[in-house]
Amino acid sequence: MATQPRIDHIIIAAKDVKAAADSFCKEFGLAAYVGGKHDGWGTENYIIPLGEGYIEIAAVFDQKAADTCDWGRKITEAADGLSSSKPWTLVTFAVETPEGAAATAERLKADTAPMRRFRPDGTNITWRVAAMSRFMEPDRDPKPFFITWDDVKTRPDKLPADHKVKPERIEYVEVAGDKAAMQEWVGSQYYDGLPISAGMVCNQGSFLQFWRNLDD
């Protein structure tokens with residue numbers, strides 16, 4: 001089991017998950033597999049496993065359902081303006097801490113919710129999230145949401161993909177915004193254990209950048 005706290009995954013939005021996955025493989029040599037659909041949230045995903053952690057490519061497949069939740073609205077908003085020449089964009093990231101999603105939600109006065117999706121092979125994956133109901137708040141963008149897996153053996157980074165390179169983990173992320181606010185959000189006792197550089201000036205006006213440790 002991975003040591004916590006940890007960056008669980010990076011989320012990128014797309015209009016077409018397959019086209020975005022193909023673009024990612026061509027540009028970075030990282031392959032993806034079909035993840036599945038989020039029950040009741042109107043989104044679907046492809047997964048790029050990175051050894052430890054993963055990238056989630058998310059897109060809306062049911063706009064009516066997506067419009068009922070902040071997650072669906074966030075993916076819709078992020079995907080607006082994407083094209084064949086720019087098939088994906090960074091959205092946010094998720095962290096896992098020993099505090100657990102339920103306790104984190106109580107600390108932040110945020111909602112917590114059980115989540116699930118079914119893999120194409122029928123495997124039911126379940127987890128709990130915190131602070132996904134606060135995506136549309138002012139100054140929310142640099143801050144991650146929180147995740148706790150019910151069964152770590154079903155974590156998406158546990159399945160293989162036919163990469164052209166050898167990913168090992170998410171090396172670190174850089175985020176814009178206030179460092180003290182990020183520490184308070186994540187939990188000051190966990191912040192130093194996470195590979196996050198806060199208060200950075202990110203390229204091209206983005207609030208988030210990430211790097212992978214790749215070994216050809």
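Rule-based calculations on the coordinates, nothing more; no lab input. Computed from a predicted structure; not experimentally measured. Positions of Cβ are generated from backbone atoms using ideal geometry, with glycine treated the same way; all protein chains shown enter the neighbour counts.
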Review point. Yes or no: residue 138 within 26 Å of residue 29 (Cα to Cα) and assigned to a loop (DSSP other than H, G, I, E, B)?
Key: no
Review point. Taking the stretch 44-66, which residues are at negative phi and not in a strand (DSSP E or B)?
Key: 50, 52, 61, 62, 63, 64, 65, 66
Check your understanding: In the stretch 167-190, how many are among the charged types (D, E, K, R), within 19 Å of residue 4 (Cα to Cα) and outside any strand (DSSP E or B)?
Key -> 1
Exercise for review: Could you run through the stretch 154-171 and say how many residues are in contact (Cβ under 8 Å) with a residue 60 or more places away in the chain, surrounded by fewer than 20 Cβ atoms within 10 Å (Cβ to Cβ) and within 15 Å of residue 93 (Cα to Cα)?
Suggested key: 1
Exercise for review: Consider only pairs whose beta carbons are under 9 Å apart and that are at least six residues apart or on different chains; among these, list those whose first residue lies in the stretch 15-40 and is free of Cβ contacts under 8 Å to residues at least 40 places away in the same chain and of a type in the set (Lys, Arg) and whose second residue is part of a loop (DSSP other than H, G, I, E, B) and buried (at least 16 other Cβ atoms within 10 Å of the Cβ).
Suggested key: 18/32
Study note, to complete from the structure: Note on the stretch 160-173: residues in contact with a Gly (Cβ under 9 Å, 6 or more places away or on another chain) and of a type outside the set (A, V, I, L, M, F, W, C) are 163, 164, 166, 167, 168, 169
**Study point:** Criterion violated by residue 130 - all others in (1) under 20 Å from residue 70 (Cα atoms); (2) loosely packed, with under 14 Cβ neighbours inside 10 Å satisfied
**Key:** (2)
Revision key, fill the gap. How many residues of the stretch 72-130 are within 15 Å of residue 187 (Cβ to Cβ), touching an Asp or Glu at 6+ places or on another chain (Cβ under 8 Å) and of a type in the set (D, E, K, R)? The answer is 2
Check your understanding: Mind checking whether some residue in the stretch 86-102 is outside any strand (DSSP E or B) and free of Cβ contacts under 8 Å to residues at least 40 places away in the same chain?
Key -> no
**Study point:** the stretch 172-198, subset under 18 Å from residue 107 (Cβ atoms) and among the aromatic types (Phe, Trp, Tyr), residue surrounded by the most Cβ atoms within 10 Å (Cβ to Cβ)
**Key:** 185
